[in-house]
Amino acid sequence: MKHIIISILVCSTLLFAFNRDDFKHLKEEGDCPKCDLSYADLRGIDLSMSDFTDANLTHANFDSTLAHKADFTRADLSYAVFENANIKGASFVRARLKNVNFYAARIWKGNFSHARIDHCDFNESALGSAIFEDNNLTNSTFSGAILYKTVFHKNVVGVPGK
């Protein structure tokens, strides 16, 4: 019985693995639009200026990653981890952000316009001059977050501190 359970766990892990060709493309080109990097371990990698438009990045680990001005437009980042990441100027326009961990991330001038934000952890993050427009932040947390000059444009529900 124990061997069957281990076999099931190994097979299920392989089913959720990222596309290795997409990962190779990212390493060689620095971009990966429309790619599948779900469950990829991208910790500590310099992804500055990378294009992840329309990518599947669910469960990806960006812990301590440098990604200045990376483009995550329309990407699915559900359950991704950006803890301690430096993602200044990144675009999350129209991205799907469900249960994303941005704890202590530096996201100065990040653009979250029209992103679908649900149960995200922005605690202790630096969101100075970030842009939020047409978002529902009700179920997300911002304890200790730096919101200096953060812009909450029209149709933002659940603005922190209000």
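Miscellaneous remarks
- For H25, the stated conditions do not hold, so it cannot be described as surrounded by fewer than 18 Cβ atoms within 10 Å (Cβ to Cβ) and modelled with pLDDT of 95 or more.
- Any hit, the stretch 142-151, residues being closer than 29 Å to D31 by Cα and not polar (S, T, N, Q): yes
- Of all the numbered requirements in (1) at pLDDT 85 or above; (2) crowded, with 20+ Cβ neighbours inside 10 Å; (3) not basic (K, R), F18 misses one, and that requirement is (1).
- Matching residues, the stretch 134-162, being touching a strand residue (DSSP E or B) at 6+ places or on another chain (Cβ under 8 Å), farther than 18 Å from L77 by Cα and in a loop (DSSP other than H, G, I, E, B): T138, A145, T150, H153, V156, G158, V159
- Subset of the stretch 98-116 that is crowded, with 24+ Cβ neighbours inside 10 Å and in contact with a Lys or Arg (Cβ under 9 Å, 6 or more places away or on another chain) - its residue that is farthest from P33 (Cα to Cα): I107
- Filter result (part of a strand (DSSP E or B) and of a type in the set (F, W, Y)) within the stretch 100-133: F132
- Residue check, Y148 surrounded by fewer than 19 Cβ atoms within 10 Å (Cβ to Cβ) and farther than 28 Å from N19 by Cα: yes
- Number of the exception - E83 against (1) buried (at least 18 other Cβ atoms within 10 Å of the Cβ); (2) among the acidic types (D, E); (3) out of contact with any Phe, Trp or Tyr (no Cβ under 9 Å at 6 or more places or on another chain): (3)
The values are calculated or read from the model by the stated rules, or taken from the named source; none is laboratory data. Computed from a prediction, not measured in an experiment: that's the story for all the values here. All Cβ positions, glycine included, derive from the backbone under ideal geometry; neighbour counts span all protein chains shown.
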